[in-house]
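The structure appears right after this line, and notes come after that.
Each reported figure results from applying straightforward, stated rules to the coordinates on display, with no laboratory input. All of these numbers come straight from a predicted model, not from anything done at the bench. Here Cβ is always computed from backbone atoms with ideal geometry, including for glycine, and neighbour counts include all displayed protein chains.
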Amino acid sequence: MALQRPEWLKPAPDSVVADNIKLGKWPWIDAVHLLWTVWVFITPMFGGGYSLRWGLITLWSFPLFILFYVLALTSARRHAPIFALAMIVLSMALLPIYPSGMNYFVFGCVMLRTHRCISMRRYLLEVALLNIGFVSMASWIGYPWQVMAWIPALTVIIGLIVNVERSSSEKDAALRLSHEEVRRLAATAERERIGRDLHDLLGHTLSLITLKMELSRKLFERDPQRSQRELAEAEQIARDALAQVRSAVTGFRAADLAAELASAHLLLESSRVHLRHSPPPAMPAWIEAGLSMVLREAATNIARHAQANEAWIRIDSGPEAVVMEVVDDGRGGVAANGNGLAGMRERVLAMGGELQIESPKGQGTRLKIRIPVQAQALAPSQPSAAERMEAAAATLQGARL
């Protein structure tokens, strides 16, 4: 029976390990940096030598350091720096009696920027302050000046190398995101091309109807029966063309919400927010178009303001109403009309629906949008081109009668 990892050791959706999986890398590729821990076992050779005390301290401190390292890689973005600081605290606590603990200090400084959205300047300032504390304590204990020179140099050099490498990986992920956006724009251009082709096809159909109507007019007195057949065929062609246009337009619109879900997924994943959602169900096109705009605003708010680790989008379509919920586990405390919620509320009200907000401070935010299907009758709308064509056909038929 395979051993299962404890729940607290499972990678968070926005952890370093989870990011490696998303980038197609080996999840624990960052473990290669542990090769530097060989200095824990080499340091006694440069002074003090190996002793029973050194062995006992190594026996408990090294596994504790490895645990902090693993937790820094598997924890959520907001918690990872805590374990980097724990390495630094462990090193400073052992400094008076365990010189090998200096290596824990280097690792802690290097991993201090792990998954934190801070500038390199701020990171270097934090490392400089930590090194000032280290040098002060090492000087007070009586460490040689060589230690007080190369430890700060190591923390800065290795920290820059590792974090620049990680920034490069993040830029590669952003580049892939831009490639996905290019694909989406290409799909939009393809839909526009199909629309133009459909327009051309409709033009040919209308030309055929015109010819049949003209033929029917000319045959009206000479061959009434054939004239009626031509009229019936023209009517059938018009109805078929109208059905095809409606079907095609509905198909184009149906892709809107699916495209917004895909766009929200890319936006939030690039902001290290894990998004869970399912394919959108079938619903009236006018509701889908409105919910697409609301979803776009909600995803933007989560990416910019929520400081969340995970988000969920649920959409249910029933005979009476369509319900969409957007939930995140961020900081919460959103005002009723803050962060663009006023605009979302106005859009939902324009569709005859309602917007509910639950945002307790520190417990995330839940948006629930409910749009009654019958609300279309109350919402002002302009007749579509197909409806205008039907009205014109009916008017023309009435005039001929």
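How would 69, 50, 104, 123 line up from fewest to most surrounding beta-carbon atoms within 10 angstrom?
Ascending number of Cβ neighbours within 10 Å: 50, 123, 69, 104.
Dipole magnitude of the range 7-143 about its Cα centre, charges +1 at Lys/Arg Cβ and -1 at Asp/Glu Cβ only, in debye to the nearest 20?
Details: 10 positive and 5 negative charges, 56 e Å.
Roughly 260 debye, rounded to the nearest 20.
Taking the simple approach of a point 7 Å from Cα along Cα-to-Cβ for both residue 293 and residue 162, what is their distance in nm?
4.8 nm
Diagonalise the Cα gyration tensor of the range 7-143 and give the resulting equivalent ellipsoid semi-axes, square root of 5 times each eigenvalue, largest first, whole Å.
In descending order, the three semi-axes are 28, 18, 12 Å.
Projected onto the charge dipole of the range 7-143 (+1 at Lys/Arg Cβ, -1 at Asp/Glu Cβ, origin at the Cα centre), which of 120, 142, 26 gives the Cα projection farthest towards the positive end?
120
How do 28, 54, 60 rank when sorted from fewest to most other Cβ atoms within 10 Å of their own Cβ?
Details: 28 15, 54 18, 60 9.
Result, fewest neighbours first: 60, 28, 54.
Please list, or write none, the lysines whose alpha carbon is within less than 29 Å of the alpha carbon of residue 25, excluding same-chain residues fewer than 8 places away.
10, 171
List the lysines whose alpha-carbon lies under 29 Å from that of residue 218, not counting same-chain residues fewer than 8 positions away?
Those lysines meeting the cut-off do not exist here.
Taking 51 Å as R0, compute the FRET efficiency from the Cβ-Cβ separation of residue 356 and residue 140 and round it to 0.05. Show your work: numbers first, answer last.
Working: r = 59 Å, r/R0 = 1.17.
The calculated FRET efficiency here is 0.30.
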